[in-house]
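Accompanying notes for the structure given below.
Just so it is clear, none of the values below were taken in a lab; they were calculated from the coordinates. Just so it is clear, the model here is predicted, and its values are computed rather than measured. For neighbour counting, all protein chains shown are included, and Cβ atoms are generated from backbone atoms with ideal geometry for every residue, glycine included.
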Amino acid sequence: MTDFQSLGLSKTLLKAVASEGYTTPTPVQEQSIPPLLSGRDVLGVAQTGTGKTAAFALPVLQIMERKKTHGKRFIRALILSPTRELAAQIDERFAAYSEHMDVRHRVIFGGVNQNPQVRALQKGLDILVATPGRLLDLIGQGHIDISRVEFFVLDEADRMLDMGFIRDIEKVLKLLPKRRQNLLFSATMPKSIAKLAGSFLNNAVMVDVSPKEMTVDRIKQKIMFLRKADKRRLLVQLIKEEKVKCGIVFTRTKHGANRLVKQLDQSNIAAAAIHGNKSQGARTRALAGFKDGSIPILVATDIASRGIDVDGITHVFNYDLPNEPESYVHRIGRTARAGRSGVAYAFCDDTESGYLVGIQQLIGKEIPVHSGHQFHFIGAIPKPGQKPGKVKTGGQSKSRPRGNRNQQSGRGKKKSNRSRKSNSSNNNSSRRQSPNSGSRRKNRSNRSNN
Ligand code: AMP
């Protein structure tokens, strides 16, 4: 069995790793650390929960220590993350791993006052962890110089593209120096990511800890077919019956998350919502309550949940099935972390059976059906030969559930039909990347949150 020592880590970092209680490197660490230490670029297919932060943070810190710079500090490592939560967690990891080193790191993201961030930047930093919007804002204001960056890490690249950040990434890439080491991590590797990786990685080592391996056997998956109207009652029943103390419920919309929190409250279940319309303070409080056990249930939308790094989650409830199959893998990966086991329930109503087909195609297996509950509804079961993503007609509702790509944009007010239409055109245009299209609007609205 490989240990951290054989990966070539310095004494200082071995000490930090030991005080974190890590004894064995995870596969992504084992495969990424040696090539990174030798100066290679790395393309990692790995999701949050695999130990990928240490996989890039440890070698970055080690090389920085080896090649000490003297005089005024400048940003030597830039880590871009799609969400504030993930950015904050990456920064926390840097804090832990660099405990015995003289490096300054800092996280910056939108939605909070920029002044403390600017003050930290003025004092000088070695490592900057940032979301794209705030980074570009502060670069534009002359507070950040990334022209001497030696390490550029693009984390959760697939989610970055989903959130419409491609143009921001391109802008950042133009401002970086040519000579640097690059790392790109993504949970999935669609063509768009392969193209992006090809545009800036040089002769990269590919490290693949892909989601298929990640739908680990430790996660007990179950699918339940039911009517939409019965979802809430089944959820309450399961939470109570299984005495869930640390569970996360995924809804498709922010509004749905808020409504569900109220309904759970009426059933005497303490819950908090976490999504893009919540203030940073509310998100931090919800996460803190969830982590300390005072709030047993977190109700989240996909984007907001990225990077939630809580080890003891026992249950994941897919209250609404995601319309992007990869999201299912991300969601259920919130449980069974750090070697534990977990349960992932998925509710499928008659408008969602096409999504189930897509999910099962992606994970390469059928999710076992749990029909032994009072709400079982055969009308929600996919028809033989049903195509992925297609809405099964003939059920209660024929309307296709709306997508979740814009979860972080907008400000939570009820939208008119017109603004809804403009949002969906944003999605399409962002995929086409037309310069004068709605993608710019979408980026701006993402940026306001990030
Ligand atoms: P990450 O995928 O970077 O978000 O890490 C997920 C969790 O795994 C974090 O709580 C880390 O502290 C933890 N972790 C990272 N590497 C190891 C390791 N080698 N052994 C045990 N836990 C680890």
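Below is a table of values for the structure above.
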{"read-out": "Enumeration of residues in the range 175-196 that are closer than 26 Å to Ile75 by Cα and in a loop (DSSP other than H, G, I, E, B)", "value": "Leu176, Pro177, Lys178, Arg179, Arg180"}
{"read-out": "Those helices (runs of 4 or more DSSP H) lying entirely in the range 81-148 with at least 3 residues within 16 Å of the ligand (Cβ to nearest atom) and touching a residue at least 60 places away in the same chain (Cβ under 8 Å)", "value": "84-97"}
{"read-out": "Condition check for Asp217: surrounded by fewer than 17 Cβ atoms within 10 Å (Cβ to Cβ) and charged (D, E, K, R)", "value": "yes"}
{"read-out": "Selected residue (criterion: surrounded by the most Cβ atoms within 10 Å (Cβ to Cβ)) from residues of the range 19-53 that are assigned to a helix (DSSP H, G or I) and more than 11 Å from the ligand (Cβ to nearest atom)", "value": "Ser32"}
{"read-out": "Residue count for the range 1-18, restricted to those that are under 23 Å from Arg218 (Cβ atoms) and away from the ligand (no atom under 13 Å from the Cβ)", "value": "0"}
{"read-out": "Residue among Gly364, Gly312 that is under 24 Å from Ile269 (Cα atoms) and in contact (Cβ under 8 Å) with a residue 60 or more places away in the chain", "value": "Gly312"}
{"read-out": "Subset of the range 106-143 [out of contact with any Phe, Trp or Tyr (no Cβ under 9 Å at 6 or more places or on another chain) and β-branched (Val, Ile, Thr)]", "value": "Ile108, Val112, Val118, Ile139"}
{"read-out": "Residue that is farthest from Ile363 (Cα to Cα) [pool: residues in the range 329-348 that are of a type in the set (A, V, I, L, M, F, W, C) and either surrounded by fewer than 22 Cβ atoms within 10 Å (Cβ to Cβ) or in contact with a Cys (Cβ under 7 Å, 6 or more places away or on another chain) (or both)]", "value": "Ala338"}
